[in-house]
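Beneath this line is the structure, given in structure tokens, with notes to follow.
The values are calculated or read from the model by the stated rules, or taken from the named source; none is laboratory data. In this text the structure is predicted, and so the values were computed from the model without any measurement. Cβ atoms come from the backbone with ideal geometry, glycine included; neighbour counts cover every protein chain shown. Keep in mind that these areas ignore ligands, DNA and RNA; they rest on the heavy atoms of the full protein, side chains included. Shrake-Rupley method; radii C 1.70, N 1.55, O 1.52, S 1.80 Å.
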Amino acid sequence: MKRIISAENPLVKTLRVLGSDPGAIKRLGQVWLEGVHLVQAALDSGHHADTLVTTDDGLLLPEVAALVERVGSTNAVILHRALFSWISTLENGPQVGMLIAKPKGVKPKPGTAVVLDRIQDAGNVGTILRTAAAADCGAVYLLRGTAGAWTPKVLRAGMGAHFYVPIFEDAPWEQVASIVPRPIYATAAMADMGLYDLQLKKPVTWVFGNEGQGISEHLMAKASAAVRIPQASTVESLNVASAAAICLFEGVRQRQGNGK
């Protein structure tokens, strides 16, 4: 396996910028996956390792050694531990990561679609992606202003969901609206229609909005209906990731034969 000890090495520079500059992912067309679970998820879903990166300390861990064996030593490099710490986006954890090409040519699957309108918290975006994958959704569309799907924090929160649900970034709403299932439901705390009044056995589209501002007026006007999640009046609103989980899994419940 090749060893790298210089911060001036082109690979090290690439990994450093991918971990710190969200715009670099689009420019370079590459994604830096850090941690055993993300690497395993990518490989299990058929993604090829451009380069697997670890350290001498990492190689002492059986799960990391297994990943090196899986991708082949010619596709793996060993960094000095200080260099790995310099490029790492994690405070702790096994020193291993993988560089892959950013997925492209992805197509929506049949099923319920999710649209995210300017959701900016990376943890919320990643959690919604994970929920959408668990609910077997057909696609997730991240409208402009939403945190980048392939940034390190969103990847960590997604826990591998990125490789099991089709993801589309920066698509114009008009384009998204032309292909997603109908009806289109937009969540709103003051809506007249309640979630549990809906028929969700067939695919629908859910729109979830910005943590502070909610769904834009433009999108709300395009929705088939605004929908509220029943909750105690003492609580102003639900976290957007929690709201998404409740809505998507009400659909799962109904499709499994326990709905109306």
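Ellipsoid fit via the Cα gyration tensor, segment 144-260: semi-axes of 22, 18, 17 Å, each the root of five times an eigenvalue, largest first. Between the residues 184, 244, 254, the greatest Cα displacement towards the positive end of the dipole of segment 170-260, with unit charges on the Cβ of Lys, Arg, Asp and Glu, is found for 254.
Scaled against 2.2 N^0.38 Å for its residue count N, the alpha carbon radius of gyration of segment 13-132 is 1.14. How many percent of DSSP beta bridges within the chain run antiparallel, rounded to 5? DSSP beta bridges in the chain are roughly 30 percent antiparallel.
Full extension of the chain between residue 37 and residue 179 yields a length gain of 47.9 nm, computed as 0.36 nm times the residue separation minus the alpha carbon distance.
Solvent-accessible area per residue in segment 125-260 equals 48 Å², computed with a 1.4 angstrom probe and all protein chains kept. Output the 0 to 90 degree angle, nearest 10, between the alpha-carbon long axis of helix 122-134 and the longest principal axis computed from the alpha carbons of the chain. Result, in degrees: 80. Taking the C-alpha atoms only, the angle from helix 240-253 to the longest principal axis of the chain is near 70 degrees. Report the antiparallel proportion of the DSSP beta bridges in segment 27-176 as a percent, rounded to a multiple of 5. Roughly 45 percent of the beta bridges in segment 27-176 run antiparallel, per DSSP.
Tell me the relative contact order for segment 28-149 as a rounded percent, counting alpha carbon contacts under 8 Å between residues six or more apart.
Relative contact order, segment 28-149: 29 percent.
Principal-axis analysis of the Cα atoms of the chain puts helix 62-71 at an angle of about 90° to the longest axis. Rounded to the nearest percent, how much of the accessible area of the chain (1.4 Å probe, protein heavy atoms only) is carbon and sulfur? Heavy-atom surface of the chain belonging to carbon and sulfur, 1.4 Å probe: 52 percent. At q = 0.09, 0.12, 0.16 Å⁻¹, work out log10 I(q)/I(0) for the chain with the Debye formula, treating every Cα as an identical point scatterer and leaving solvent out; two decimals please. Debye intensities relative to I(0), on a log10 scale: -0.45, -0.74, -1.09. Beta bridges assigned by DSSP with both partners in segment 1-99 are antiparallel in approximately 55 percent of cases. Normalised by 2.2 N^0.38 Å, where N counts its residues, the alpha-carbon radius of gyration of segment 69-127 equals 1.66.
Over the Cα atoms of segment 70-202, Rg to Rh with Kirkwood Rh, two decimal places?
1.06
The spacing between segment 1-70 and segment 73-99, judged by their C-alpha centroids, is 6 Å. Seen from every direction in turn and averaged, the convex hull around the alpha carbons of segment 10-71 projects onto 4.6 nm².
Need one word for segment 202-260: rounded, prolate or oblate. Basis is the Cα gyration tensor (sqrt eigenvalues a ≥ b ≥ c); a/c below 1.5 gives rounded, then a/b vs b/c decides. Because a/c hits 1.5 or more and a/b fails to exceed b/c, segment 202-260 counts as oblate.
Residues 56, 197, sorted by accessible area with the largest first, give 197, 56 [1.4 Å probe; ligands and nucleic acids excluded]. Using a cut-off of 27 Å between Cα atoms, the listed pairs 2/104; 104/153; 13/104 include 2/104 as exceeding that distance.
Computed over protein heavy atoms with a 1.4 angstrom probe, the accessible surface ordering of 220, 1, 98, largest first, is 1, 220, 98.
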